[in-house]
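What follows draws every value from the coordinates through simple rules; no lab data is involved. Quick caveat, the model's predicted, so the values are computed rather than measured. Backbone-built Cβ (ideal geometry, glycine too); neighbour counts: all protein chains shown.
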Amino acid sequence: MTFADMGLRPELLEGISRLGFEAPTPVQAEVIPVLLETARDVVALAQTGTGKTAAFGLPVLERLDLELSAPQALILCPTRELCMQITRDLQSFASCLPTVRVLAVYGGADIRPQLSALRRGVQVVVATPGRMLDILRRNAVDFSKIARIILDEADEMLNMGFEEDLEGILSTVPDEAQTFLFSATMPREVEKIARKTMKNPVEITVGTRNAGCENVSHEYYVVQAKDRYRALRRIVDMSPRMYGIVFCRTRLETQQIADHLSVDGYNAEALHGDLSQQQRDSVMGKFRKRHVQILVATDVAARGLDVTDLSHVINFTLPDDLNSYTHRTGRTGRAGKEGIAASIIHLRERFKVKHLEHATGQTFTRRPVPTGDEISRVRLMTLAERVRDTDTGADLVDRHIDEMSALLEDLPKEEVIKRFAAIELHRMLLFYREAPDLNEDVQSRFQDRRPGPRGADRAPRTRGGPRPDTADKVELVMNVGSVNGLTPKKLMTLVNVSNRESSIDIGRINIFKIQACFEVPSADAQGVIDAFAQGRVDHNGRKVMVGPAGSPQPGPAPARTPLRQGPPTSADHADKPRKPGRGQGGAKNRR
Ligand code: AMP
């Protein structure tokens, strides 16, 4: 199917042809005909970078009444950057139509120009929810002519706590307006809002539900927590042509890693919520133009960045929820290119990897952290390839080549190569000359903690006796939670029934929605994991599995949040906007 077959106006066909769009992408081929031909609501599962802006943008523009200057379409999206991007895209698609007025409305910017543009009359409003609600409360816009509403990146909007705002906004548009919901993932919260606000929607899935992109190779490296940064450097050093984002969890960590990378000679910059909007725009601009090779970012700050052709996405730390993982890694492996999603984990996070494998249906491959020698070899070969492929630009060197050749006359060719390589890569070769192996041995650590035959050197402990020192405890994670009807008592029964040999002294228990964390004496940890690994324990029809979570902590251990599919809480993401009450809309868009 071509764009012309879809019945778009000639001016729109001209507009997209000027942008170089020759054939529709899969999401466009699926979505555009439905949006053009029916008045039904649509839920489309599609990731960023698949061409979804045109998938909803072209039908919106096609069905505008150009004679009418009132808002006829409302597009809601999670971030200021995405809001501006969608507005720019729509303006480009409409470049050959007589004036179509598309306005971007977002927080963190002066509201007055937005209000006066609305007064002058616009036909399409692209908005972030907080600012939109603010404007609606001021009665500064009339939505009675809205015929189409688009919820773009619905999962992100809900993740960011915009649910109430969305409901508030949707209550101001006519009931008969057609709603299109686009989401990269379909967590329960999105299904809920779709059920609440849409009538019998057509469901369109491009690609697999909740699955990552096919061209992405999911890899992980297991190192001790203290070696994360060294491992990151090695991953980067192995890929001299990397163009990627390193994701961290907090603003502080993001800044520190970016600073370390810069000091160590990498072309890296940080992107997080502590930067001013101007600083963020500048960093994003440099990264887009590839003047910056490595962007170190938090999930929230990177959300609006419309760069999807990355060679690498590196999780310096794994995110807590599946949606963030999908969003992060969806930025690579695009347009048929191979992409690498690499995660640096410590031994006890392997359970999270298993969980991600299960939830995304992708295989995660453990890769050994490259050794110093491997990196040196790759860098030397890359240098040799560069030398082979370099065009010296005629007279730049030619003018002095005789003099140079005379100087090096006595050196054999191999020696000349060695010396040029040493000059170019001296620092790196020296750095990696005796670099240690960073790979964490998967087997050894648990075994180190296990005392010979199970429990042989421990005094037997009776139930209800004094609680052992928490320093001797490790935390495990179970793959069932409150939604499966798990209670602390049931968890204890499951653990002890499956470990018939001895009674396990269970410490702190935290039951989450779909998982539970609990502490056991470190000497018993492997036994508990093994007992469940046989797959014989069942809880309400679900096979129960147990694996390690975070590392053992002395003293009262803070609860660690396991990987889960639900939306993150504000405590999970240090730079996520806190969910404000209604009426504080503008503040939400500042990140
Ligand atoms: P989006 O998912 O809408 O952010 O689009 C991702 C990128 O693909 C943008 O740079 C678009 O300009 C580009 N794009 C969208 N549709 C097409 C198409 N049919 N042909 C070529 N490029 C496209």
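Residue-wise, which Karplus ³J(HN,Hα) couplings in Hz belong to segment 63-76, taking 6.51 cos²θ - 1.76 cosθ + 1.60, θ = phi - 60°, and x for glycine or proline?
Once rounded to whole Hz, the list reads 9, 6, 8, 5, 6, 9, 9, 8, x, 10, 9, 10, 10, 10.
What is the distance, in nm, between label points placed 7 Å from the Cα along the Cα-to-Cβ direction at Glu415 and at Ala533?
5.8
Test of understanding: what is the full-extension gain from Ser17 to His291, defined as 0.36 nm times their sequence separation minus their Cα-Cα distance?
95.8 nm
Positive end of the charge dipole of segment 260-362 (Lys, Arg +1 and Asp, Glu -1 on Cβ, about the Cα centre): tell me which of Gly361, Val300, Ser262 has its Cα farthest that way.
It is Gly361, whose Cα lies furthest towards the positive end.
Would you mind computing, in nm to one decimal, how far apart the modelled labels at Thr365 and Arg40 are, each placed 7 Å from Cα along Cα→Cβ?
4.1
I want to make sure I understand the PRE zone here: with the label point 7 angstrom from the Cα of Arg138 toward its beta carbon, which residues in segment 105-127 have backbone N atoms less than 12 Å away?
The answer is 106-119.
Would you kindly state how much longer the chain becomes between Glu434 and Asp398 on full extension, computed as 0.36 nm times their sequence separation minus their alpha carbon distance, in nm to one decimal?
The Glu434-Asp398 span can extend by a further 9.1 nm.
Need one number: nm distance between label points at Asp309 and Asp5, each 7 Å from Cα along Cα→Cβ, rounded to one decimal.
The answer from the label model is 2.7 nm.
Relative to the present Cα-Cα distance, how much length would full extension add between Val378 and Asp259 at 0.36 nm per residue of separation?
Working: separation 119, 0.36 × 119 = 42.84 nm, distance 2.53 nm.
Extra length from Val378 to Asp259 when fully extended: 40.3 nm.
For Cα pairs less than 8 Å apart in space and 6+ apart in sequence, what is the mean separation divided by the residue count of segment 147-211, i.e. the relative contact order in percent?
Answer for segment 147-211 is 44 percent.
Using a Cα-Cα cut-off of under 29 Å, which lysines could be cross-linked to Lys490, ignoring same-chain neighbours fewer than 8 residues away?
Counting by Cα, and skipping residues close in sequence, Lys490 has these lysines nearby: Lys352, Lys354, Lys473, Lys513, Lys543.
What percent do you get for the relative contact order of segment 1-68 when only Cα pairs under 8 Å and 6+ apart count?
Numbers: 46 pairs, mean separation 25.8, N = 68.
Relative CO of segment 1-68 lands at 38 percent.
What shape does segment 220-275 take by its C-alpha gyration tensor, where a ≥ b ≥ c are the square roots of the eigenvalues and a/c under 1.5 counts as rounded, a/b above b/c as prolate, and the rest as oblate?
oblate
Enter the Cα centre distance for the pair segment 311-373 and segment 137-210, rounded to the nearest angstrom.
With segment 311-373 and segment 137-210 each reduced to a Cα centre, they are spaced 30 Å.
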